[in-house]
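I have placed the structure first, in the form of structure tokens, so that the comments after it can refer back to it.
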Amino acid sequence: EPEVTQTPSHQVTQMGQEVILRCVPISNHLYFYWYRQILGQKVEFLVSFYNNEISEKSEIFDDQFSVERPDGSNFTLKIRSTKLEDSAMYFCASSEFGGAPEKLFFGSGTQLSVL
Amino acid sequence: GQQLNQSPQSMFIQEGEDVSMNCTSSSIFNTWLWYKQDPGEGPVLLIALYKAGELTSNGRLTAQFGITRKDSFLNISASIPSDVGIYFCAGQFRTGTASKLTFGTGTRLQVTL
């Protein structure tokens, strides 16, 4: 069964450093998302991406964050200057259709620890 | 912003017991979903609900979309050890062209033998 793949599974970085989290969405999917989950809390929407541009973003997704689809298979989340409060599990998700939430598939996540 | 509150926060039950959890919102949603999350994994969809009043089953799981569109419940019958995990409700109001979901606070389920 096709799945969303995220790398790395764990990332440790120093405060102020840039990190790039990588995702390979399911191959025929057109809509891509990043969510995050701070330890013990709920999953929160960060950004949605379609047709090479951001469709919607939350207030969490400030100027320190950016997303990119550098080639036909990868979808990345960059945090330019990490802060302690960026420590969280980051989930990538993809869907074939934009308006069908039941078609949204999540990856296993990247655990980001900012020291 | 939209808030989804789940209750209970956690449950400890014995294998074979039935489980009920619910989710209430301060806002109306057009779609409700229930997800299960295992440790270190991403959320996995269990049930999706599309119409107010809709009752849907998936094996031992049953979920309903509240008439007011501001609440939903999930029942698990005859629980088994692999039901252990965190259960999240999520709502979608449908904005733009992408499926932005608002997640609930989660119910942690522990099943004892």
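Data for the structure
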quantity	calculated
Residue that is farthest from A:Gln111 (Cα to Cα), among those in the range A:1-35 that are more than 11 Å from every other protein chain (Cβ to nearest Cβ) and among the charged types (D, E, K, R)	A:Glu1
Those residues of the range A:9-33 which are touching a strand residue (DSSP E or B) at 6+ places or on another chain (Cβ under 6 Å), under 25 Å from A:Glu85 (Cα atoms) and outside any strand (DSSP E or B), in sequence order	A:Met15
Subset tally (residues that are away from every other protein chain (no Cβ under 11 Å), of a type in the set (Ser, Thr, Tyr) and surrounded by 14 or more Cβ atoms within 10 Å (Cβ to Cβ)) for the range A:61-90	4
From the options A:Thr5, A:Thr13, residue that is in contact (Cβ under 8 Å) with a residue 40 or more places away in the chain and more than 27 Å from B:Leu33 (Cβ to Cβ)	A:Thr13
Positions within the range B:20-36 being over 11 Å from the mean Cα position of the chain (by Cα) and either within 11 Å of chain A (Cβ to nearest Cβ) or not polar (S, T, N, Q) (or both), in sequence order	B:Ile28, B:Phe29, B:Asn30, B:Thr31
Looking only at the range A:36-58, and only at residues there that are closer than 15 Å to A:Ser95 by Cβ and surrounded by 21 or more Cβ atoms within 10 Å (Cβ to Cβ), the one that is nearest to the other protein chains (Cβ to nearest Cβ)	A:Ser48
Any hit, the range B:100-111, residues being part of a strand (DSSP E or B), in contact (Cβ under 8 Å) with a residue 24 or more places away in the chain, away from chain A (no Cβ under 12 Å) and within 16 Å of the chain's Cα centre (by Cα)	yes
Matching residues, the range A:91-100, being in contact (Cβ under 8 Å) with a residue 40 or more places away in the chain and either more than 10 Å from every other protein chain (Cβ to nearest Cβ) or not in a strand (DSSP E or B) (or both)	A:Ser94, A:Glu96, A:Phe97, A:Gly98
Any hit, the range B:41-53, residues being in contact (Cβ under 8 Å) with a residue 24 or more places away in the chain, surrounded by 22 or more Cβ atoms within 10 Å (Cβ to Cβ) and closer than 22 Å to A:Phe32 by Cβ	yes
Pick from the range B:50-99, criterion in a strand (DSSP E or B) and in contact with a helix residue (DSSP H, G or I) (Cβ under 7 Å, 6 or more places away or on another chain), ranking: nearest to the other protein chains (Cβ to nearest Cβ)	B:Gln92
Filter pass, B:Leu4 being more than 14 Å from chain A (Cβ to nearest Cβ) and buried (at least 22 other Cβ atoms within 10 Å of the Cβ)	no
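So that you can scan it fast, the table gives a plain yes or no per residue for (1) touching a residue at least 12 places away in the same chain (Cβ under 8 Å); (2) touching a helix residue (DSSP H, G or I) at 6+ places or on another chain (Cβ under 7 Å):
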site: A:Ser9; (1), (2): yes, no
site: A:Val43; (1), (2): yes, no
site: A:Ile54; (1), (2): yes, no
site: A:Glu59; (1), (2): no, no
site: A:Ser81; (1), (2): yes, no
site: A:Leu84; (1), (2): yes, no
site: A:Val114; (1), (2): yes, yes
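No lab work stands behind these numbers, since they all come straight from the coordinates. Not measured: the values here are computed from a predicted model. Cβ sites come from the backbone with ideal geometry, for glycine too, and all protein chains shown count toward neighbours.
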